[in-house]
Amino acid sequence: MLACHDLQIEFNRVPVVRGISLDFPARKITAIIGPSGCGKSTLLRAFNRMHDLTPGARVTGTVTLDGRDIYGKAEDAVLVRRRIGMVFQKPNPFPTMSIFDNVIAGLRLVGVRNRGTLREAAESALMDAALWDEVKDRLKSNPMSLSGGQQQRLCIARALAVDPKVLLMDEPCSALDPIATAKIEELLFRLRERLSVVIVTHNMQQAARVSDYTAFLWMGQLIETGLTEKMFTNPKERTTEDYITGRFG
Amino acid sequence: MEGVCLLAALIAVVPLFAFLWHLVAMGAGAFSSALFTQLPLPPGEAGGGLKNAILGSVLVVGAATVVGIPVGIGAAVFMTEFAKPRVAATLRFFCDVLSGIPSIVMGLLAFQILVRPMHHFSALSGALALGFIMLPVVVITTQEMLHLVPHSLREAGHALGIPAWRIASSISVRAAAPGIITGILLSISRIAGETAPMLFTAFGNPFMSWDPRAPIATLPHTIFNYAISPYEDWHRLAWGGALVLVLGILGATLLSRFILWWHQRSLRA
């Protein structure tokens, strides 16, 4: 289970996330919602230590995966990211690699050489990402020849190939059309059987459709969290109600 | 107004065509297999070629390239992929300054470092001078090309738990490779034509030399010597050599254009 406690994130001393504590139950989908600039993407990127790469970013508090602090002294950010994968807002396949090489990039570039292993990993990751049937005859093609939705599913396959425990998704459908979005949402339900998903979304219908739990952020703070059904039918806080009924945001 | 600008544009390209026409007209006469296979003859005897200068240039430029390219690319990768922004900006500033230093001063530096301690001119010192001149060009073009690689690709690499050095080599440099190769070819063209620093480093040699410690002939320097000589036949060879040099540089430029075009086409496909 992924959890954070009293998490604060600041950029050049400007706080963006102000003391958030949250649990993300295993094998469930948790949606993080909130208006633009509320810190939801910033929060998500703390869970796989992406802020380590940003000069001026400072993360305090704890993030634990199965009880281990991922920011602990003995933890290597590179290894942490193999356990906690990420899919970005815009599909970002590697344009210099084939579809096949994209899927296994996370294995081959850390030293996995065995062809059989790579081949199997690619096939099962593409199946998990519901892309296998569409690309099985063109694995050597350039990924840029795929549609936007296919590219995003390729990025999901690429993340799944390293077998993470948690998949972080940063508005994975915001650049896609409704049909491509539906395919990815469908895929999320199947992924839930094997890993936890944390999805940041702008789209409240999407949060309501796909997630088990929802967390509502506002101005860098956690306003409310709970079962998605309850949050959307009977929110406890006034701000949550105003946001999900579209009064602001 | 448009007419005036058109005229200016025509005037701007006139030197190129005037130069090419002149070069071909004067150089074609010397352009034969002898130019590539024979050594120069003593003054007054007709015939001979520039084998020593052509091969000498290849050797000196080759030696400078073999050292300059890995160091230049390594420095650019460090500055773009690993260094803190302030460190990268400082290093880049040094490279910008370095690239503006006149080539004859770089020759002087090689003279001071190698020629004086060794007490004689050498191919090695010529290669060192050319390496100094080439280095900032390679660093700057490689860095520009790496900057064009979208940050999202590096992020994707990090998110997969790929180590930083592997992201730099297999993702960033690989994506920028066609641009980097173009930069390399252009920097080779740049140093292949350098004459001033050769005057007191490689020095020139009327014979074929393979010894890095001995003076060696280079094409631009030989052209200079032959062009100012009083002998008709050496003038002819100078034009022939100029044609070889220009064709080589033109070839490198066209090749770099082709690589870029081919890469862009393959990205669209």
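The values are calculated or read from the model by the stated rules, or taken from the named source; none is laboratory data. All values reported here derive from a predicted model rather than from experimental measurement. Using ideal geometry, Cβ is built from the backbone for each residue, glycine included, and neighbour counts are taken over all protein chains shown.
Report whether or not A:THR30 is of a type in the set (Val, Ile, Thr) and over 22 Å from A:GLN205 (Cα atoms).
Here the answer is no, as A:THR30 does not meet what is asked.
Of everything in the stretch B:224-248, what is within 17 Å of the chain's Cα centre (by Cα) and closer than 18 Å to B:MET198 by Cβ? Give them in sequence order.
Listed by number, the residues that qualify are B:GLY241, B:ALA242, B:VAL244, B:LEU245, B:VAL246, B:GLY248.
Restricting the stretch A:143-174 to residues that are part of a loop (DSSP other than H, G, I, E, B) and over 15 Å from the mean Cα position of the chain (by Cα), which is nearest to the other protein chains (Cβ to nearest Cβ)?
A:LEU146
Somewhere in the stretch A:209-223, is a residue β-branched (Val, Ile, Thr) and out of contact with any strand residue (DSSP E or B) (no Cβ under 7 Å at 6 or more places or on another chain)?
no
Each row is one residue, and each column tells you yes or no for (1) modelled with pLDDT under 95; (2) more than 24 Å from A:SER124 (Cα to Cα); (3) buried (at least 23 other Cβ atoms within 10 Å of the Cβ); (4) of a type in the set (Asp, Glu).
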{"site": "A:CYS155", "(1), (2), (3), (4)": "no, no, yes, no"}
{"site": "A:ARG194", "(1), (2), (3), (4)": "yes, no, no, no"}
{"site": "A:VAL198", "(1), (2), (3), (4)": "no, no, yes, no"}
{"site": "A:TYR213", "(1), (2), (3), (4)": "no, yes, no, no"}
{"site": "A:THR225", "(1), (2), (3), (4)": "no, yes, no, no"}
{"site": "A:THR228", "(1), (2), (3), (4)": "no, yes, no, no"}
{"site": "A:PHE232", "(1), (2), (3), (4)": "yes, yes, no, no"}
{"site": "A:GLU237", "(1), (2), (3), (4)": "yes, yes, no, yes"}
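Considering only the stretch A:175-184, I want to know if a residue exists there that is within 14 Å of another protein chain (Cβ to nearest Cβ), surrounded by fewer than 18 Cβ atoms within 10 Å (Cβ to Cβ) and small (Gly, Ala, Ser).
yes
Condition (residue is surrounded by 13 or more Cβ atoms within 10 Å (Cβ to Cβ), assigned to a helix (DSSP H, G or I) and touching a helix residue (DSSP H, G or I) at 6+ places or on another chain (Cβ under 9 Å)) applied to the stretch B:199-216: is it met by at least one residue?
No; the residues of the stretch B:199-216 include none that is surrounded by 13 or more Cβ atoms within 10 Å (Cβ to Cβ), assigned to a helix (DSSP H, G or I) and touching a helix residue (DSSP H, G or I) at 6+ places or on another chain (Cβ under 9 Å).
Looking at the stretch B:255-269, which of its residues are out of contact with any Gly (no Cβ under 9 Å at 6 or more places or on another chain) and under 22 Å from B:LEU130 (Cβ atoms)?
If the condition is that a residue be out of contact with any Gly (no Cβ under 9 Å at 6 or more places or on another chain) and under 22 Å from B:LEU130 (Cβ atoms), then B:LEU255 is the only one that fits.
Kindly evaluate A:PRO91 against the criterion of being in contact with a Leu (Cβ under 8 Å, 6 or more places away or on another chain) and buried (at least 19 other Cβ atoms within 10 Å of the Cβ).
Criteria met by A:PRO91.
Okay, residues lined up against (1) closer than 18 Å to A:GLY34 by Cβ; (2) polar (S, T, N, Q):
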| site | (1), (2) |
| --- | --- |
| A:SER174 | yes, yes |
| A:PRO178 | no, no |
| A:GLU193 | no, no |
| A:ILE199 | yes, no |
| A:LEU217 | yes, no |
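Within the bounds of the stretch B:182-195, is there any residue that is within 14 Å of another protein chain (Cβ to nearest Cβ) and surrounded by fewer than 24 Cβ atoms within 10 Å (Cβ to Cβ)?
So far as the stretch B:182-195 goes, no, none of its residues is within 14 Å of another protein chain (Cβ to nearest Cβ) and surrounded by fewer than 24 Cβ atoms within 10 Å (Cβ to Cβ).
Find all pairs meeting these conditions: Cβ atoms under 6 angstrom apart; at least six residues apart or on different chains; first residue within the stretch B:159-170 and facing another protein chain (nearest Cβ under 8 Å) and closer than 15 Å to A:ASN48 by Cα; second residue assigned to a helix (DSSP H, G or I) and modelled with pLDDT of 95 or more.
Every condition considered, the pairs that remain are B:ALA159/A:ARG81; B:LEU160/A:GLY106; B:GLY161/A:VAL78; B:GLY161/A:ARG81; B:GLY161/A:ARG82; B:PRO163/A:VAL78.
Applying the selection to the stretch B:80-125, what residues are over 19 Å from B:THR142 (Cβ atoms), buried (at least 18 other Cβ atoms within 10 Å of the Cβ) and not aliphatic (A, V, I, L, M)?
B:SER103, B:GLY107, B:PHE111, B:PHE121, B:SER122, B:SER125
Can you confirm whether B:PHE224 is within 21 Å of B:LYS51 (Cβ to Cβ) and not in a loop (DSSP other than H, G, I, E, B)?
Criteria met by B:PHE224.
I'm checking my understanding of the structure. Among residues of the stretch A:125-149 that are free of Cβ contacts under 8 Å to residues at least 24 places away in the same chain and not charged (D, E, K, R), which one is farthest from A:ARG108 (Cα to Cα)?
A:SER145
Considering only the stretch A:72-81, how many residues are surrounded by 20 or more Cβ atoms within 10 Å (Cβ to Cβ) and in contact with a helix residue (DSSP H, G or I) (Cβ under 9 Å, 6 or more places away or on another chain)?
Total satisfying the criteria: 1.
Please count how many residues of the stretch A:17-62 are closer than 17 Å to A:VAL166 by Cα, of a type in the set (D, E, K, R) and within 14 Å of another protein chain (Cβ to nearest Cβ).
2
Looking only at the stretch B:24-70, filter to residues that are in contact with a Phe, Trp or Tyr (Cβ under 7 Å, 6 or more places away or on another chain) and of a type in the set (A, V, I, L, M, F, W, C); which one of those is modelled with the highest pLDDT?
That would be B:ILE54.
Here are the criteria: (1) surrounded by fewer than 16 Cβ atoms within 10 Å (Cβ to Cβ); (2) within 14 Å of chain A (Cβ to nearest Cβ); (3) farther than 29 Å from A:ALA161 by Cβ. Tell me which single one B:PRO150 does not satisfy.
Every condition holds for B:PRO150 apart from (3).
Which helices (runs of 4 or more DSSP H) does the stretch A:63-142 wholly contain that include 3 or more residues that are away from chain B (no Cβ under 14 Å)?
A:115-128, A:132-135
Only one residue in B:PRO230, B:PRO178, B:PRO206 is at pLDDT below 95 and within 14 Å of chain A (Cβ to nearest Cβ), so which one is that?
Result of the check over B:PRO230, B:PRO178, B:PRO206: B:PRO178.
Name the single residue, out of those in the stretch A:9-26 being surrounded by fewer than 17 Cβ atoms within 10 Å (Cβ to Cβ) and touching a strand residue (DSSP E or B) at 6+ places or on another chain (Cβ under 6 Å), that is farthest from A:ALA208 (Cα to Cα).
My answer is A:PHE11.
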